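Asks: My questions all concern the structure below.
The values are calculated or read from the model by the stated rules, or taken from the named source; none is laboratory data. Everything numeric in this text was worked out from a predicted model, so none of it was measured. Don't worry about glycine lacking a Cβ; one is built from the backbone with ideal geometry, like all the others, and counts go over all protein chains shown.
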Amino acid sequence: MSDANLDNIDLNNFTRPMVVAVRVSKVYIPDIVALKDVSLTVNKGEMVFLTGMSGAGKTTMLKLICAIEKPTKGLIEVAEQDLTKISQTGLQQLRQKIGVAYQDFKLLPKLTVFENIAMPMEIIYQNSVTIHNRVDELLEILGIPDKKNIPIGKLSRGEQQRVAIARAAANAPPLLLADEPTGNLDADSTERVMDLFHHLHGAGTTLIIATHDESIIQRDLHRILDLKQGELILNSDPRDNLANYRQGI
Amino acid sequence: MGHMAAIFNQTGRNLKQTWGTQIMTLFTVSLSVLIFSFFFLVYLNIMRGGEKLQDDLRIIVYLDNEIVPAMQAQMEKKIREFTTVEKVVYISKDQAFKRLEGQLGADRDVLAGLGSDFLPPSIEVYPQKNLSSLTQIKELSEYLATLPGTSKVQYGQSWLERFGYFTKLLRLIVLSSGGLLILTTTFIVSYTIRLTVAARHDELEALRLLGAHSFYIQGPLILEGLLQGLLGSLFGLILLYSLYQWITTRFSGPGFLNFLDFTFFSPLISVLILLTGTLLCVGGSLLSIRKALRI
C-alpha cells in the first residue's frame with residue numbers, strides 16, 4: 001500500500017470502523033475505470049458525505065459497500081466482514097443491516113407506499129403493529145402521510161425519492177447509504193430528509209451520503225470524501241469541510 | 001410478524017397479482033387429477049368385479065374313465081405341483097348325474113331311461129381368487145389337458161381372454177393417465193411459478209437487495225405450488241365424486257354398475273391421490289424456482 005493511500009485511512013478510529021476500503025479498484029468491461037486505488041474508512045456512528053461530479057465513482061463506491069458489485073481489486077470490509085469472501089447467508093444478514101436509498105429508487109411501482117416501506121421490516125419478521133407505526137412515523141417525518149396507500153407509480157419523482165429514503169431508514173439500520181437523496185427534492189423536502197438523517201445519526205446509525213448538493217454539505221460539519229474520476233482526492237476534517245470541499249472542487 | 005405469517009402474506013400477494021394464471025393452473029391440475037382418478041376408479045372397480053366373478057370360476061377336466069382314490073390323489077398332487085389352486089374336487093359319473101338332476105329340478109324326467117353313467121367323470125379345479133391367477137388359467141388348462149386320462153378341459157376361455165385384454169387396456173390407460181398427470185401437473189405448475197417469478201422479478205431483486213433469506217423468497221413460491229396441488233387435486237376428486245354420484249343415481253337398478261358393485265375410492269386412496277397431486281406440484285414449483293432464481 002502506498003503512503004498516499006494509507007493517509008486516507010483514519011488510523012485514530014481504526015479500532016471500530018464500519019466501512020474499510022483498502023486500495024479498491026473497480027473496472028467495468030471493457031476498460032472503464034470507475035474506481036482506482038481508493039482507500040478509506042468510515043467509523044461506526046459517523047456521518048460522511050461522498051462527493052464528486054457525475055461519473056466520479058460515488059454510486060460505484062456505494063454499490064461496493066452494499067455488495068451489489070464486487071471490487072476488481074482491493075479489500076472492502078463492512079462491520080468487520082470481508083465482502084469479497086462473504087457467504088450467501090452472511091451477505092443476507094449484512095444486507096438486513098444496511099439501508100440503501102438507491103439513486104434509481106428500486107421501488108415496486110405496483111405496490112403501495114406502505115407495502116414498499118414495510119418490505120425491509122417484513123423481511124426481519126417485525127410484527128404488524130410495529131410496521132404500521134414505523135411507516136406512519138417515517139411518512140410523517142418526510143411530509144407524505146397522506147400517500148400511505150397510494151401505489152408508487154402514481155407518485156411524483158420527489159415523493160418516490162422520499163419513499164426510497166423511508167424504506168432505507170425503516171429498520172433504523174446500523175449503516176445507511178444514500179445515493180443523491182435530495183436530487184429530486186425541493187428545499188422543504190430536503191430539510192425533512194436531512195432531519196431524518198440527523199435523527200438516525202443521533203441514534204447511532206452510520207451514514208454515507210453520496211451527493212453533489214452543496215446546500216446539504218454546507219449546513220453540516222461532517223467529513224467529506226471527495227472523488228474525482230474514480231480517485232479519492234479529498235478526505236476532509238469535519239471542522240473545515242466546507243472550505244476543503246470548495247477547494248477540492 | 002411471524003415467519004409463516006410473512007410467507008402467507010407474500011403468497012397472498014402473489015396470488016392476487018397472477019390470479020388469471022393461477023385459475024388456469026388450478027383448472028389444469030384438477031382436470032389432470034380428474035382424468036387419472038376416473039380411469040383409476042374404473043380400473044379398481046373392474047378388478048374388484050373380476051375377483052367376485054372368480055368365485056364361480058373353475059376348470060373342468062373331463063376324464064375318459066372313473067379313477068380310483070389313489071389316482072385322484074396323484075392327479076391332485078400333480079396339479080398342486082404345477083400351481084397353487086384353491087381346491088380340487090373329483091366328480092364321479094354318479095355325482096355328475098345327481099348334480100344334473102338337481103339342476104333340472106322338476107324337469108328331471110327328461111333323464112328317464114338314460115342311465116346314471118352317461119356323463120363323464122371329471123375333476124373340478126378351483127383356481128386361487130386373485131387376479132394374477134386369471135392369466136395363469138390358460139397355462140393351467142393346457143397343462144391339465146396333458147394329464148393322462150384327460151378327454152377335454154373346459155372353462156370360460158373366451159370370456160376370460162376378453163376380460164384379460166380389457167384389464168390390460170385399462171391398466172395401460174391408468175398408467176398413461178398417471179403419466180399425463182405427472183407431466184401436466186409438474187410442467188404446468190412449474191410454468192406458472194416461472195411466470196410468477198418473471199412477474200415478480202423486480203420484487204425478488206428488491207428482496208435480495210434488502211437481505212431477504214432464501215426461505216423468505218422461495219417459501220411463498222413453494223406454498224403457491226402446494227396450494228395449487230392441494231386445491232387442484234381436491235377439486236379433481238370432488239368433480240369425480242360428483243360424477244360418480246350422478247352415474248350411480250342415474251344408472252341404479254339392475255345393470256352393468258350393479259353387476260360390478262361400483263364403489264368410490266377408500267379414504268386412504270383419496271388421501272394418497274391428494275398427497276401425490278400436491279407433491280407433484282411442489283416438485284414442479286421447486287424445479288422452477290431453482291431454474292428461475294438460480295439458487
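Asks: Quick one: would you say B:V61 is part of a strand (DSSP E or B), crowded, with 18+ Cβ neighbours inside 10 Å and modelled with pLDDT of 85 or more?
Replies: Details: part of a strand (DSSP E or B): yes; crowded, with 18+ Cβ neighbours inside 10 Å: yes; modelled with pLDDT of 85 or more: yes.
Taking the combined requirement at face value, the residue satisfies it.
Asks: Let me ask something else about it. I'd like the residue in the stretch B:171-195 that is among the hydroxyl-bearing types (S, T, Y) and over 20 Å from the mean Cα position of the chain (by Cα) and, out of all such residues, is surrounded by the fewest Cβ atoms within 10 Å (Cβ to Cβ).
Replies: Filtering the stretch B:171-195 for residues that are among the hydroxyl-bearing types (S, T, Y) and over 20 Å from the mean Cα position of the chain (by Cα), the one surrounded by the fewest Cβ atoms within 10 Å (Cβ to Cβ) comes out as B:Y191.
Asks: Residues being without any contact (Cβ under 8 Å) to a residue 24 or more places away in the chain, within 18 Å of B:L57 (Cα to Cα) and more than 35 Å from the chain's Cα centre (by Cα): count how many of those fall in the stretch B:72-99.
Replies: Residues flagged as without any contact (Cβ under 8 Å) to a residue 24 or more places away in the chain, within 18 Å of B:L57 (Cα to Cα) and more than 35 Å from the chain's Cα centre (by Cα) within the stretch B:72-99 amount to 1.
Asks: A further question on this structure: Is there a residue being surrounded by 17 or more Cβ atoms within 10 Å (Cβ to Cβ), over 25 Å from the mean Cα position of the chain (by Cα) and either at pLDDT below 85 or of a type outside the set (A, V, I, L, M) (or both) anywhere in the stretch B:263-285?
Replies: Yes, the conditions are met somewhere in the stretch B:263-285.
Asks: Tell me which residues, restricted to the stretch B:196-214, are in contact (Cβ under 8 Å) with a residue 12 or more places away in the chain and either surrounded by fewer than 21 Cβ atoms within 10 Å (Cβ to Cβ) or aromatic (F, W, Y) (or both). I'd like the intermediate steps shown before the answer.
Replies: In the first step, residues of the stretch B:196-214 are kept if they are in contact (Cβ under 8 Å) with a residue 12 or more places away in the chain; the result is B:196-200, B:204, B:214.
B:V197, B:A198, B:A199, B:L204, B:S214 - these are the residues of the stretch B:196-214 that are in contact (Cβ under 8 Å) with a residue 12 or more places away in the chain and either surrounded by fewer than 21 Cβ atoms within 10 Å (Cβ to Cβ) or aromatic (F, W, Y) (or both).
Asks: Looking at (1) more than 13 Å from the chain's Cα centre (by Cα); (2) away from chain B (no Cβ under 14 Å); (3) closer than 26 Å to B:Y216 by Cβ, which is the one condition that is false for A:M53?
Replies: Among (1) more than 13 Å from the chain's Cα centre (by Cα); (2) away from chain B (no Cβ under 14 Å); (3) closer than 26 Å to B:Y216 by Cβ, A:M53 violates only (3).
Asks: So B:K87 passes all but one of these: (1) touching a Phe, Trp or Tyr at 6+ places or on another chain (Cβ under 7 Å); (2) surrounded by 14 or more Cβ atoms within 10 Å (Cβ to Cβ). Which condition number does it fail?
Replies: With respect to (1) touching a Phe, Trp or Tyr at 6+ places or on another chain (Cβ under 7 Å); (2) surrounded by 14 or more Cβ atoms within 10 Å (Cβ to Cβ), B:K87 is out only on (2).
Asks: While we're on this one: Of all residues in the stretch B:6-52, which are closer than 21 Å to B:T196 by Cβ and aromatic (F, W, Y)?
Replies: Scanning the stretch B:6-52 gives B:F8, B:W19, B:F27.
Asks: From A:I131, A:I150, A:I141, which residue is within 13 Å of chain B (Cβ to nearest Cβ) and either in contact with a Phe, Trp or Tyr (Cβ under 9 Å, 6 or more places away or on another chain) or among the β-branched types (V, I, T) (or both)?
Replies: Details: A:I150 fails: within 13 Å of chain B (Cβ to nearest Cβ); A:I141 fails: within 13 Å of chain B (Cβ to nearest Cβ).
Within the list A:I131, A:I150, A:I141, the selection yields A:I131.
Asks: Inside the stretch A:84-104, can you point out the residues that are outside any helix (DSSP H, G or I) and at the interface with another protein chain (Cβ under 10 Å from one of its Cβ atoms)? Please lay out each step first, then the result.
Replies: First, the residues of the stretch A:84-104 that are outside any helix (DSSP H, G or I): A:84-87, A:97-104.
Those that are outside any helix (DSSP H, G or I) and at the interface with another protein chain (Cβ under 10 Å from one of its Cβ atoms): A:K97, A:I98, A:G99, A:V100, A:Y102.
Residues checked against (1) modelled with pLDDT of 85 or more; (2) among the polar types (S, T, N, Q):
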residue: B:L172; (1), (2): yes, no
residue: B:L183; (1), (2): no, no
residue: B:S190; (1), (2): no, yes
residue: B:A199; (1), (2): no, no
residue: B:L237; (1), (2): yes, no
residue: B:Y241; (1), (2): yes, no
residue: B:P254; (1), (2): no, no
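Asks: Which count do you get for residues in the stretch A:64-123 that are among the hydroxyl-bearing types (S, T, Y) and touching a Lys or Arg at 6+ places or on another chain (Cβ under 6 Å)? Write out each step before concluding.
Replies: Start the filter on the stretch A:64-123 by keeping residues that are among the hydroxyl-bearing types (S, T, Y), which leaves A:72, A:84, A:87, A:89, A:102, A:112.
Filter once more, keeping what is touching a Lys or Arg at 6+ places or on another chain (Cβ under 6 Å): A:72.
Number of matching residues: 1.
Asks: Say whether the condition of being within 14 Å of another protein chain (Cβ to nearest Cβ), farther than 22 Å from A:L108 by Cβ and surrounded by 20 or more Cβ atoms within 10 Å (Cβ to Cβ) is met by at least one residue in the stretch A:158-165. Walk me through it before giving the result.
Replies: In the first step, residues of the stretch A:158-165 are kept if they are within 14 Å of another protein chain (Cβ to nearest Cβ); the result is A:160, A:163-164.
Adding the requirement that they be farther than 22 Å from A:L108 by Cβ leaves none.
There is no residue in the stretch A:158-165 that is within 14 Å of another protein chain (Cβ to nearest Cβ), farther than 22 Å from A:L108 by Cβ and surrounded by 20 or more Cβ atoms within 10 Å (Cβ to Cβ).
Asks: Taking the stretch A:186-212 as the search range and keeping residues that are over 26 Å from A:R16 (Cα atoms) and surrounded by fewer than 24 Cβ atoms within 10 Å (Cβ to Cβ), which one is modelled with the lowest pLDDT? Reasoning before the result, please.
Replies: Going residue by residue through the stretch A:186-212, those that are over 26 Å from A:R16 (Cα atoms) are A:186-193, A:212.
Restricting the remaining residues to those that are surrounded by fewer than 24 Cβ atoms within 10 Å (Cβ to Cβ) gives A:186-192, A:212.
Values: A:D186: 89, A:A187: 89, A:D188: 90, A:S189: 91, A:T190: 92, A:E191: 92, A:R192: 93, A:H212: 85.
My answer is A:H212.
Asks: If we only count helices (runs of 4 or more DSSP H) wholly inside the stretch B:159-273, which ones have 1 or more residues that are polar (S, T, N, Q) and assigned by TED's automatic domain parsing to the domain that holds B:Q10?
Replies: Values: elements: B:201-209, B:214-250, B:256-260.
In the stretch B:159-273, B:214-250, B:256-260 are the helices (runs of 4 or more DSSP H) which contain 1 or more residues that are polar (S, T, N, Q) and assigned by TED's automatic domain parsing to the domain that holds B:Q10.
Asks: Mind telling me which of the residues A:P120, A:P181, A:P173 ends up being within 14 Å of chain B (Cβ to nearest Cβ), touching a residue at least 24 places away in the same chain (Cβ under 8 Å), buried (at least 18 other Cβ atoms within 10 Å of the Cβ) and within 14 Å of the chain's Cα centre (by Cα)? Break it down into steps so the answer makes sense when it comes.
Replies: Working: A:P120 fails: within 14 Å of the chain's Cα centre (by Cα); A:P181 fails: within 14 Å of chain B (Cβ to nearest Cβ).
Only one candidate passes the filter, namely A:P173.
Asks: Moving to a separate point now. Restrict the check to the stretch B:84-93 and report whether at least one residue is modelled with pLDDT of 80 or more, assigned to a loop (DSSP other than H, G, I, E, B) and over 30 Å from B:T276 (Cβ atoms).
Replies: Looking through the stretch B:84-93, at least one residue is modelled with pLDDT of 80 or more, assigned to a loop (DSSP other than H, G, I, E, B) and over 30 Å from B:T276 (Cβ atoms).
Asks: Does the stretch B:215-224 contain any residue that is small (G, A, S) and either more than 14 Å from every other protein chain (Cβ to nearest Cβ) or without any contact (Cβ under 8 Å) to a residue 24 or more places away in the chain (or both)?
Replies: Going residue by residue through the stretch B:215-224, those that are small (G, A, S) are B:219.
If we keep only those that are either more than 14 Å from every other protein chain (Cβ to nearest Cβ) or without any contact (Cβ under 8 Å) to a residue 24 or more places away in the chain (or both) too, we end up with none.
No; the residues of the stretch B:215-224 include none that is small (G, A, S) and either more than 14 Å from every other protein chain (Cβ to nearest Cβ) or without any contact (Cβ under 8 Å) to a residue 24 or more places away in the chain (or both).
Asks: Same structure again: For the stretch B:190-203, give me the residue count where each residue is hydrophobic (A, V, I, L, M, F, W, C) and facing chain A (nearest Cβ under 10 Å). Spell out the reasoning first.
Replies: Applying the first criterion (hydrophobic (A, V, I, L, M, F, W, C)) to the stretch B:190-203 yields B:193, B:195, B:197-199.
Filter once more, keeping what is facing chain A (nearest Cβ under 10 Å): B:199.
The total comes to 1.
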